[in-house]
1. For W387, W422, write out the residues from largest to smallest accessible area, computed with a 1.4 angstrom probe and no ligands counted.
2. Based on Cα positions only, what radius of gyration and what Dmax would you give for region 294-388, in angstroms?
3. Can you quote the Å³ per residue value for the convex hull of the Cα atoms in region 304-455, rounded to an integer?
4. Taking the alpha-carbon distance from K508 and a cut-off under 20 Å, which lysines remain once sequence neighbours fewer than 8 residues away in the same chain are dropped?
5. Not counting ligands, DNA or RNA, and with a 1.4 Å probe, what is E55's accessible surface area in Å² rounded to the nearest 10?
6. K340: which aspartates and glutamates have alpha carbons under 20 Å from its alpha carbon, excluding same-chain residues fewer than 8 sequence positions away?
7. Starting from the alpha-carbon convex hull of region 257-304, give the projected area averaged over all orientations, in nm².
8. Quick one: pull the percent of accessible area on region 398-508 belonging to carbon and sulfur, 1.4 Å probe, ligands and nucleic acids left out.
Amino acid sequence: MLGLVAITVLLGACNEPVPLGTRAVDVAITKCRLIDTRPAPDTVGPRSTPLATGETVDVLARGTGSGCTVPADAIAVTVEVLAVNAPTSGSLTVHKTGGNAPVTTTWSASAPPEVTEVVVALSADGHLGVTAGAGPVDVELDVTGYSFDLDQRYYTAAEVDDLIAGVSGVPGPEGPQGPAGPQGATGATGATGATGATGATGAAGATGPQGPAGPQGPAGPAGGSACNLRTSPERAAMNRYDLGVTQFATGTDPRGIAFDGVNVWTTNSGANTVSRINATTGAKADFAVGVYPFGIVYDGKDIWVANRDGDSISRVNTTTGASTEYPGFAGPYGVGFDGKRIWVTNTDWDTVSTVDPVTGGILNTYTSLFHPFSFTFDGIDMWVTNWTGNTVSRFHPDTGARTDVTVGSEPYGITFDGTYVWVSNWSSANLSRIDVETLAVTTIATPEYPRGIGFDGRCIWVSSYGTGQISKVDPITGTHVTYPAGSGPRAIVFDGEHLWFELGNEAKVSRLIP
């Protein structure tokens, strides 16, 4: 998403005064993109990477070789200036190449976004420069006009008349309406207009006689519970679910997991990185983030990471892996997304904060929680587990209204299945199923130290860190089928076809078909 920030630009006239007697003529042109430093396909001009702090990009603005139609004798250009993907504070200066830039302008996260149009003088060879006071920052310049020195063109009077013939002066007052002219001949018939709106539905007719019964359909599967706890005959014969598992390497000590529609992402707390793993091919790339990354979530555009020991969060571009880090948090374990805002747990402060996904700025902070840990969103409300409070808190994202619900001991993971919110209770070795309408809680036993929890569209899945098992749970009856998983199973995510879970002690992620 473009980060559009307010910019004030140092005019070229502040670098080198225009000589006395110069008669500048301003000419407007169709807006033309002169430079865009973003990566392809957005790149325009000589550069496709952002400017670092103090770095200057030089660009030819006139004559042969310029990307815009600016004549070779132009002495200045009028440009619209944008800073894109900018840090939350910084400065940007547009100036004549080689000229001094004594004025530095700044922006901050609180400044309103705007596009600035200014006139900047050109160097003798037709260049201008852009200098970043803070980076990395991408730059866009659009030329909307140019100026030339009438004295240098030595035009005749007739040439001047021709030159300014297309330049509009200040409109004069509207004259009186003339008399009506004679009626013209009837023109040709025009094209058929658009179809009008559909008329109101007529009254229902009388009910016809009932048709004959159709043939009996094939028998459906046995049972009828919400979750068909299936497994292959081979797996059932050996009581093993791990026979069909495909494993991929992650970084050291994976903690959190997310899916972006194409790739599975893990946070590697022991390596201060995230891993991007293609869900089909298993191709992996690692990208640096903050210190001890833990929770992770996808907002439909970017990946967000909670850096527990860095007291920060990171926004990661899913294509390039480039990340921006935002400080101002305290021991953040979890991150969530409610469709508008990023949510962050300040576990060391017993608070949660909401964050603008465009600027990274904190919007609101909610207090009086109990070691808040992880999030889920039910389409209306945001839910967070309170590790030391043995509760979960439900927040309305727009109003901040809060309701607390008592669950098991040390609630850890949380997910939503379309009807119920499910919580894995670490110390009490059980699951809490919460009806989002009535807030009624049902307790279901599970193997000890349940940690990760997820939903595959039919069944609830829970990892048991202490026993190295993973269980598939019928969301209606609570019936479990439990299988060996590996050492230290943790977070769980579903990609629409496969279930994925991390093995924290093995630095791996496992992919299986539910």
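1. So the residues, ranked largest to smallest area, are W387, W422.
2. 12.1, 38
3. Output value, Cα hull per residue: 115 Å³.
4. Counting by Cα, and skipping residues close in sequence, K508 has these lysines nearby: K284.
5. 60
6. Filter leaves D260, D299, D302, E325, D356, D378, D381, D398.
7. With every direction weighted equally, the projected area is 3.0 nm².
8. Of all accessible area on region 398-508, carbon and sulfur atoms account for 47 percent.
The values are calculated or read from the model by the stated rules, or taken from the named source; none is laboratory data. No experiment lies behind these values; they were computed from the predicted model shown. The protein model used for the area step is the full one, side chains on, heavy atoms only, and it has no ligands, DNA or RNA in it. Shrake-Rupley method; radii C 1.70, N 1.55, O 1.52, S 1.80 Å.
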